[in-house]
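The values are calculated or read from the model by the stated rules, or taken from the named source; none is laboratory data. Note that the structure is a prediction, hence the values are computed from the model and not measured. In this analysis, Cβ positions are derived from the backbone assuming ideal geometry, glycine residues included, and neighbour counts consider all displayed protein chains. For accessibility, only protein heavy atoms count, side chains too; no ligands or nucleic acids. Shrake-Rupley method; radii C 1.70, N 1.55, O 1.52, S 1.80 Å.
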Amino acid sequence: MDWILFLELAANGAVTGLLYAMVAISIVLIFKSSAVPNLAQGALVMVGAYAVLAFSDWLGLPMWLAIPAAMVFMFGLGIGIERHALRRLAGQPIIMILMMTLGLDIFLRGITLAAFGGSARRMDLGISDDPLFVGQILMSRVHLTGAAVALMVFAALVLFFRTRRGIRLRAISNDYVASWSVGIGVEQGVALSWALAAVISTIAGVFWGAVQGVDQSLSLLLLKSLTVAVLGGLDSLPGAIVAGILLGVLESVVSGYLDPLVGGGSRELVVAVTLILTVLIRPHGLFGDRSVERI
Amino acid sequence: MTTASAEPLLSLRNVEVVYDNVSLAVSGVSLDVPEGQLIALLGANGAGKSTTLRSISGLLQAARGKVTRGEIRYAGQLVNTLSPQDRVKLGIVQVLEGRHVFEQLTTNENLEAACPVEMSRAEMRSALDRAYTFFPRLAERRNATSGYLSGGEQQMLAIARALMTRPRMLMLDEPSLGLSPMLTTEIFSIIRRINREEGISVLLVEQNAFAALDLVSHGYLIESGRVVMHDTATAMKNNPDIQEFYLGGHGVNFRDIKHYRRRKRWLT
């Protein structure tokens, strides 16, 4: 067995997995606060990436300004979506809420297609494309940077959840009737979680845009990140990180060995099998709260 | 605050509550909670006690219920349509039936979560200290995940958490539920202390009429969504109907219930 190849596949899989995890974290944030599985999460990543491009290409801002500007814009968009689309559905059956997020997904894809066209655009972060050798392993600089940022986002969230505002958000996700009973602004908390998810989506959009270009296919990240979120347990942030690395490694290693045999395409298969097996065998995921199943 | 003594802190007039636009849960409840008093709302399962509390705290909205008639006045202000959050700001807080602690949070985090947003760090610390002096048992377990606390400790936490909102009126929904008589006595004596030392008015909902009537000055008896009796605690304890059916005197048999039903109709 070629250990260098195996390690290379695993290491690259792990960093890619952390990039999935960044999107999965957004899904988890929204699910935790409001029990809404956000099917528009992939579209939010795409819109975030387009927002960065809009600020840099249309307004001529340098990248280091365009990214924070896009994050501010997405913060507002997240609040707006919750306020005008989701809040009205409070108390409706979950299927209606799912349909709403699906509708948002189609809407966001449609509106970006109209505004930016269908051709892929470059997202230039100024990170060199030159290969980087870690020992004998070949790695991508963009992926590595993105993985580091994903871990930083996770750390920032862990710290945030210890602040008073963060504690209130956890209280809401724990029991919203009790939250109401002690005067916690449940609606504002849910809006904040949407805003945070949209901001994190922007960061994910920046790195995924740099990896594969900015076009409609960014919204397909939903499938992989949803798998990561479900595998980690829909309501667990550490679960999203662990599951992200796990799925990334699995996908990369399995397809690395299988693709030459079957002629490609086994990547998607790994993701699909993981999702199906998780739902069948362990619906609350690796770290999820068992009681979540009730929802 | 001289006017407050004349007018009750809370008054309900002919409040009617409907769930899901169809089922009438409370029909015409009137009651008063004078400032600084301990009042009990008694009744059997499904009589409408919890619904009445929820209409006051605004939590009906979460249960798809609505106040369709009547007035809820608090400190002279009509609060019928205020959000639960606004009512907490005014000083109305409800401790939910079945405790409802934030199970994944620690004891301390449960209390911090209930702090008003505008409270400063120093104020929060003194509020925490005050809550812990009422419930020393919680202080010992301040860093424990609250889901793992015992039932009695969770009940104490739910009350302590409500205190963090700096209420003027505390409403408790079945605080004795599932607790041993000893724990019930302990919690009731703490409620009495909170009422005396903090001057917080208390509206207590109980099925355990025996324990409740020892604590409060006045009581209301509610049945099928209507108030059927209102009197001092002493008078209620001596009332033969209450003795038989709520305090559990002799064994209850069918004929007695029928006889009681007839009499109740006459009462209403």
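Using a simple spin-label model with pseudo-atoms 7 Å out from Cα toward Cβ, B:S11 and B:R142 lie 4.3 nm apart. Between the Cα long axis of helix A:63-81 and the first principal axis of chain A there is an angle of about 40°, rounded to the nearest 10.
Backbone amide hydrogens, once placed in the peptide plane, bring A:L138 within less than 5 Å of nothing, excluding anything fewer than 5 places away on its chain. Give the residue from A:A195, A:P131, A:V230 lying farthest towards the positive end of the charge dipole for segment A:3-294; charges sit on Cβ (+1 for Lys and Arg, -1 for Asp and Glu) and the dipole is referred to the Cα centre. The listed residue farthest towards the positive side: A:A195. Counted residue by residue at 0.36 nm each, then reduced by the alpha carbon distance between them, the extension gain from A:L151 to A:A120 reaches 8.4 nm. Counting Cβ atoms of other protein chains within 10 Å of each residue's Cβ and taking the mean over peptide B:72-85 gives 2. Divide the volume of the convex hull around the Cα atoms of segment A:3-294 by the residue count and you get 140 Å³ per residue. Computed over chain A, the per-residue total of -39500 (n - 2.57) for DSSP H runs of n ≥ 4 gives a 222 nm mean residue ellipticity of -23500 deg cm²/dmol, rounded to 500.
Looking only at other chains, what is the average number of their beta-carbon atoms within 10 angstrom of each beta-carbon in B:111-122? Intermediate values should be presented prior to the final figure.
Details: counts 2, 5, 13, 9, 6, 3, 7, 0, 1, 0, 1, 0.
The shielding value for this peptide is 4.
Of the accessible area of segment A:3-294, computed with a 1.4 Å probe over protein heavy atoms only, carbon and sulfur atoms account for 70 percent.
Scaled to the globular estimate 2.2 N^0.38 Å, the Cα spread of chain B, given as radius of gyration, is 1.01. Normalised per residue, the accessible area of the protein assembly as shown is 45 Å², obtained with a 1.4 Å probe and no contribution from ligands, DNA or RNA.
Could you work out how far helix A:3-34 tilts from the main Cα principal axis of chain A, as a 0 to 90 degree angle to the nearest 10? Once rounded, one gets 10 degrees.
Would you mind working out the magnitude of the charge dipole of the protein assembly as shown relative to its Cα centre, with +1 at each Lys and Arg C-beta and -1 at each Asp and Glu C-beta, to the nearest 20 Debye? Mind dumping the intermediate values first?
Values: 49 positive and 45 negative charges, 305 e Å.
Once rounded to the nearest 20, the dipole reads 1460 debye.
Apply the a/c threshold of 1.5 to the C-alpha gyration tensor of segment A:1-77 and tell me whether it is rounded, prolate or oblate. It is oblate, given that a/c is not under 1.5 and a/b is not larger than b/c. A dipole drawn for chain B from +1 and -1 charges on Cβ atoms has a positive end, and of B:G70, B:V33, B:M156 the residue lying farthest that way is B:G70. Here the 3J(HN,Hα) profile of segment A:244-252, calculated from phi with Karplus coefficients 6.51, -1.76 and 1.60 at θ = phi - 60°, is x, 4, 4, 5, x, 5, 4, 4, 5 Hz, Gly and Pro shown as x.
Between the listed residues A:V52, A:L77, A:V28, the Cα displaced farthest toward the positive end of the dipole of segment A:1-154, a dipole computed from Cβ unit charges relative to the Cα centre, is found at A:L77. The trypsin sites (Lys or Arg not before Pro) found in segment A:57-151 that occupy coil by DSSP, while having at most 11 further C-beta atoms within 10 Å, are A:R122.
What number does the protein assembly as shown give for Rg over Rh if you use C-alpha atoms and the Kirkwood radius?
Values: Rg = 28.7 Å, Rh = 26.5 Å.
Rounded to two decimals, Rg/Rh equals 1.08.
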